[in-house]
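The block underneath contains the structure these notes are about, expressed in C-alpha cells.
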Amino acid sequence: MSAPESIRLLLADVDGTLVTQDKVLTEAAKSTVHDLHDARIAFAITSGRPPRGMAMLIAPLSLRTPIACFNGGVFVNPDLSVIESQMLDPATATQAVELILDHGLDAWVYTSNDWLVRDVNAPHVAQEAATVQFEPVVVASFTKSHLAHAAKIVGVSNDHPRVAACEKAAQGVLGERASAARSQPYYLDVTNPQANKGTVATTLAKLLKIRPSEIATIGDMPNDIVMFRKSGLSIAMGNASDEVKAQASATTDSNENDGFAKAVRRFVLAHVGARQS
C-alpha cells in the first residue's frame, strides 16, 4: 500500500475504533493522538453519538477540530456549541420509525438534546446510557413533536441478520430522503441524507481548508465506508467485517488490541517521519 503524498487530517470513528468494546479510551490511543497534534496533523472524530455522548473525549484528546455527532447530523465545536445541524424531515422520520418497528426492531429517537426510548429495560438501553453518559427520556410513544426534531432514529435488535435486513429495506424505502446504515451489528442509524460520514469528510475538508485526498480515515462498520471513499487513505479495524475491510486501503489490529494506535503509528506518523528525515 502506498501512502498519500500528504496527510493533514485523521478522521476517526469512535465506537469499535477509537475506544475498546468496553468504551475505554486507552493510554496508547491518547498518546497517539497527542503525537498527531505534535506532528501538526489535525485529528477529528465522528460518531452516531449525540453531542453530550462525545463530551468525555474532548479533554483527554485535546480536541481542537469540529466534532461530527449523529454521523454528521450535528457539528459542534469542542465547547459543544453548534456549528450546523441537519435534522430528518418529519415525514421521513415517521416512516423510518414505522419501518423499524414493522421489522421487529425497537426504536429510539434522538433530538439535538434528548434521547427518547419507549422502554428503559429494552436491549442495549443500559449499555447506551453508559456509553453516552446520560439517561434517556422514557415516552409512551413518539409524537409528532418528537419526530419534528429528530436528528437520528435508531433501530435496535440483538438479531443481527434482522438489523441487516432492515438496513436494506430502509435504504430501499427511504431512498435519497435519509441515510440508513448500521453503526453496530445491533444498531441501524437513520439520519438526514446529508448526515453521513462521507459528508463529514468533505465538510471537514472545507472547514479546515484541505483537500479530501489529504485526509486519512479509520473505522470498523458499514457506515464508515462512505468516508473511506472520500479520503486519500482509509484504514479498517481488525474487528471490521470482510465487507468493510475490502473497501479500505489498509487494515490494522482490533480495537481490543490498540488497533487505532498501531494504525496511526504505522500508516500516518511513520510516513510523516520518513518524509521529514
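Of note:
- Taking residues in segment 5-17 that are in contact (Cβ under 8 Å) with a residue 40 or more places away in the chain, and partners anywhere that are in a strand (DSSP E or B) and of a type in the set (S, T, N, Q), the pairs with Cβ atoms closer than 6 Å and at least 6 places apart or on different chains are L11/T217.
- Residue within segment 178-193 that is assigned to a helix (DSSP H, G or I), closer than 30 Å to V97 by Cα and of a type outside the set (G, A, S) present: no
- Matching residues, segment 62-96, being among the hydrophobic types (A, V, I, L, M, F, W, C), surrounded by 15 or more Cβ atoms within 10 Å (Cβ to Cβ) and in a helix (DSSP H, G or I): F70, A93, A96
- Residue within segment 109-128 that is among the aliphatic types (A, V, I, L, M) and either at pLDDT below 95 or part of a loop (DSSP other than H, G, I, E, B) (or both) present: yes
- If the condition is being crowded, with 16+ Cβ neighbours inside 10 Å, in contact (Cβ under 8 Å) with a residue 24 or more places away in the chain and under 17 Å from G16 (Cα atoms), then segment 119-137 contributes H124, T131, V132.
- Count of segment 141-164 residues which are crowded, with 16+ Cβ neighbours inside 10 Å and under 28 Å from N239 (Cβ atoms): 9
- Flag for A12 being closer than 17 Å to T217 by Cβ and more than 15 Å from the chain's Cα centre (by Cα): no
- The one condition in (1) surrounded by 17 or more Cβ atoms within 10 Å (Cβ to Cβ); (2) more than 14 Å from the chain's Cα centre (by Cα); (3) not basic (K, R) that M56 fails to fulfil: (1)
- Residue match in segment 21-33 (condition: surrounded by fewer than 20 Cβ atoms within 10 Å (Cβ to Cβ), within 10 Å of F260 (Cβ to Cβ) and touching a residue at least 60 places away in the same chain (Cβ under 8 Å)): yes
- Residues in segment 220-248 that are in a helix (DSSP H, G or I) and more than 20 Å from N192 (Cβ to Cβ): F228, D242, E243, V244, K245.
- Selection within segment 165-185 - at pLDDT 95 or above, touching a Gly at 6+ places or on another chain (Cβ under 9 Å) and either assigned by TED's automatic domain parsing to the domain that holds A240 or of a type outside the set (A, V, I, L, M) (or both): C166, E167
- Filter result for S145 (assigned by TED's automatic domain parsing to the domain that holds D106 and under 15 Å from the mean Cα position of the chain (by Cα)): no
The values are calculated or read from the model by the stated rules, or taken from the named source; none is laboratory data. In this text, all values refer to a predicted model and were calculated from it rather than measured experimentally. As a convention, Cβ positions derive from the backbone with ideal geometry for all residues, glycine included, and neighbour counts pool all protein chains shown.
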